[in-house]
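To start, the structure itself, in structure tokens.
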Ligand code: SF4
Ligand code: SF4
């Protein structure tokens, strides 16, 4: 795998994904709570190893692979290791926002297909509470909803493994760092011959 090219292509798609989901949140007015990072504290946030390659590649470019490998190998923390806690409880932010994986870009407000293949909206509980959203209102707001399944297909078009083998995010970052370190080390060794 060409890590640099793969990261570049994935970052491009990630940006389009974020634009789509954030502009939908802006157009509906259902924005996240200020300084909120509560979803990052959920230990069930998952990702595939390939989804974390851009983050791992940034860490590699900063020369911090060993530091992060050690953090990830020794941590007991179940929620995402790159989360930065704010001053107040529940406040915080992503320490690697530019490189975050797909779930982190789609979580707040997104569309799903139900069993009848109709569009239904999934909205973070805090956003629902803040804007007093009820199922009746959500059903009337489905046009232009960015669909998780459509974006997963776009990811799979880069590489099907991007949407397979999901695992806890810290484990996926560890796998990605190992892959980046091994591949780039191998490429460097190869080019020095
Ligand atoms: S990558 Fe960033 S946005 Fe995603 S869970 Fe971790 S801290 Fe939160
Ligand atoms: S999706 Fe919900 S929990 Fe996550 S930052 Fe937005 S408001 Fe907070």
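For this structure, a couple of remarks:
- Of the residues examined, residue 94 is not one that is under 17 Å from residue 175 (Cβ atoms) and either without any contact (Cβ under 8 Å) to a residue 60 or more places away in the chain or within 16 Å of ligand 2 (Cβ to nearest atom) (or both).
Rundown of residues vs (1) more than 8 Å from ligand 1 (Cβ to nearest atom); (2) outside any loop (DSSP other than H, G, I, E, B); (3) touching a helix residue (DSSP H, G or I) at 6+ places or on another chain (Cβ under 6 Å), yes/no style:
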residue: 60; (1), (2), (3): yes, yes, yes
residue: 71; (1), (2), (3): yes, yes, no
residue: 111; (1), (2), (3): yes, yes, no
residue: 115; (1), (2), (3): yes, no, no
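- Complete set of residues in segment 3-35 that are without any contact (Cβ under 8 Å) to a residue 24 or more places away in the chain and under 21 Å from residue 177 (Cα atoms): 5, 8, 12
- Residue in segment 24-32 that is within 14 Å of ligand 1 (Cβ to nearest atom) and touching a helix residue (DSSP H, G or I) at 6+ places or on another chain (Cβ under 8 Å) present: yes
- Residue list for segment 104-118, restricted to those being touching a residue at least 24 places away in the same chain (Cβ under 8 Å) and away from ligand 2 (no atom under 16 Å from the Cβ): 113
- On inspection, residue 81 does not qualify as modelled with pLDDT of 95 or more and crowded, with 17+ Cβ neighbours inside 10 Å.
- Segments classed as helices (runs of 4 or more DSSP H), wholly inside segment 117-168, with at least 2 members that are crowded, with 16+ Cβ neighbours inside 10 Å and in contact with a helix residue (DSSP H, G or I) (Cβ under 7 Å, 6 or more places away or on another chain): 148-158
- A residue that is touching a residue at least 12 places away in the same chain (Cβ under 8 Å), surrounded by fewer than 17 Cβ atoms within 10 Å (Cβ to Cβ) and more than 25 Å from residue 159 (Cβ to Cβ) cannot be found anywhere in segment 45-65.
- Any chance residue 39 is under 27 Å from residue 17 (Cα atoms), assigned to a loop (DSSP other than H, G, I, E, B) and either without any contact (Cβ under 8 Å) to a residue 40 or more places away in the chain or out of contact with any strand residue (DSSP E or B) (no Cβ under 6 Å at 6 or more places or on another chain) (or both): no
- A single entry from 104, 124, 94 fulfils the requirement of being over 22 Å from residue 52 (Cβ atoms), at pLDDT 90 or above and in contact with a strand residue (DSSP E or B) (Cβ under 9 Å, 6 or more places away or on another chain): 124.
The values are calculated or read from the model by the stated rules, or taken from the named source; none is laboratory data. Just so it is clear, the structure is predicted and the values come from calculations on it, not from any experiment. All Cβ positions, glycine included, derive from the backbone under ideal geometry; neighbour counts span all protein chains shown.
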